[in-house]
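The next block holds one structure in the form of structure tokens; read it before the comments.
The values are calculated or read from the model by the stated rules, or taken from the named source; none is laboratory data. Every value quoted in this text rests on a predicted model; they were computed, and no experiment measured them. Cβ placement follows ideal geometry from the backbone for every residue including glycine, while neighbour counts extend to all protein chains displayed.
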Amino acid sequence: MKQAILSALAVLLLAASVHAEVLTKEVEYHEGDTVLKGYLAYDTARDHVDGKIAHRPAVIVVPEWWGLSDYPKRRAVMLAELGYVAFAADIYGGGRSVNTPEEAGKLATQYKNDRPLLRKRIAAALDTVRKMDNVDPNRIAAIGYCFGGTTVLELARSGAKVAGVVSFHGGLDTPTPEDAKNIHAKILVLHGADDPYEPPAQVAAFLDEMRGGKVDFQFIQYSNAVHGFTNPNNKTLKLDGVGYNEEADRRSWQHMRNFFDEIFATPSTR
């Protein structure tokens with residue numbers, strides 16, 4: 001009986017030792033003269049293996065048009081709990097977030113109309129993550145929501161050396177579809193089948209772009225899902241064509257996890 005109790009205690013202690021201990025902190029970085037403030041999350045319990053720093057896969061999270069609000073930070077923590085080093089990127093500068101569709105639309109449009117600047121902002125986040133001591137620089141991915149989905153697709157089109165990008169209900173258009181030939185990353189697009197902001201013609205143009213660039217891509221649509229289907233805050237947002245879908249949210253997160261299992265399967269030699 002005593003041995004059984006000791007064994008049970010050992011199991012509990014082991015479970016406690018591997019339990020997620022997620023650390024979060026603001027990280028200041030720069031794009032040119034612009035000060036950017038990202039949000040880093042990682043599990044400190046996984047920092048070392050056999051006394052050495054563990055070089056883990058990393059995921060950059062690019063926010064919706066609201067900027068660096070609580071939502072992308074929560075997603076970064078969720079990724080950290082899965083064992084990834086997660087970094088919520090700051091596109092607008094200063095860690096800024098906004099509260100009204102009018103403010104968000106104005107800011108997002110500024111960057112959507114200046115794709116070179118948008119690419120510079122996400123490239124700065126990638127460069128920052130790649131230099132982190134606990135990150136495997138050859139196993140980095142980027143995910144983005146809505147405006148962030150547009151951003152990570154532009155990161156891929158820029159020819160950035162990332163393992164993969166995932167767009168959640170993101171904008172698919174680009175002024176330079178010929179840049180698909182530059183894409184090295186694997187692409188996963190998670191799309192609301194009823195999203196009025198990305199009509200069938202735009203979806204078709206994106207698929208033609210990916211085929212023309214001979215890109216390794218997946219495109220998954222969720223029935224009864226509109227724009228913004230992953231964000232519970234959209235339950236109460238009074239904006240036409242935007243809404244939360246719990247089932248699509250759950251399925252898309254699992255599809256992302258499956259994608260990461262594939263692209264991060266083999267650790268690199270650093």
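Of everything listed in (1) of a type outside the set (Ser, Thr, Tyr); (2) farther than 27 Å from residue 106 by Cα; (3) in contact (Cβ under 8 Å) with a residue 12 or more places away in the chain; (4) surrounded by fewer than 24 Cβ atoms within 10 Å (Cβ to Cβ), the single unmet condition for residue 139 is (4).
I'd like the full set of residues that are free of Cβ contacts under 8 Å to residues at least 12 places away in the same chain, of a type in the set (S, T, N, Q), part of a loop (DSSP other than H, G, I, E, B) and within 30 Å of residue 161 (Cβ to Cβ), limited to the stretch 220-270. Matches in the stretch 220-270: 266, 269. Residues in the stretch 91-131 that are over 20 Å from residue 161 (Cα atoms) and charged (D, E, K, R): 96, 102, 103, 106, 112, 114.
Within the stretch 161-173, the residues that satisfy the criterion of being free of Cβ contacts under 8 Å to residues at least 60 places away in the same chain, in a loop (DSSP other than H, G, I, E, B) and under 23 Å from residue 109 (Cα atoms) are 170, 171, 172, 173. If the condition is being of a type outside the set (D, E, K, R) and either closer than 21 Å to residue 136 by Cα or outside any loop (DSSP other than H, G, I, E, B) (or both), then the stretch 174-187 contributes 177, 180, 182, 183, 184, 185, 187. When the test is whether a residue is modelled with pLDDT of 95 or more, among the aliphatic types (A, V, I, L, M), in contact with a His (Cβ under 7 Å, 6 or more places away or on another chain) and within 30 Å of residue 172 (Cα to Cα), residue 36 passes it.
The condition of being touching a residue at least 60 places away in the same chain (Cβ under 8 Å) and closer than 19 Å to residue 154 by Cα holds for residue 176. Considering 153, 190, the condition of being within 19 Å of residue 259 (Cβ to Cβ) and part of a helix (DSSP H, G or I) is satisfied by 153 alone. With respect to the conditions (1) of a type in the set (A, V, I, L, M, F, W, C); (2) more than 19 Å from residue 215 (Cβ to Cβ); (3) free of Cβ contacts under 8 Å to residues at least 40 places away in the same chain; (4) part of a loop (DSSP other than H, G, I, E, B), residue 118 falls short on a single one, namely (4). Using the structure shown, decide if residue 252 is hydroxyl-bearing (Ser, Thr, Tyr) and either surrounded by 12 or more Cβ atoms within 10 Å (Cβ to Cβ) or within 27 Å of residue 81 (Cα to Cα) (or both). Judged against the criteria, residue 252 is a match. In the stretch 77-102, the residues that are assigned to a loop (DSSP other than H, G, I, E, B) form Cβ pairs under 7 Å with partners that are of a type in the set (Phe, Trp, Tyr), at six or more places apart or across chains, as follows: 91/111; 98/66.
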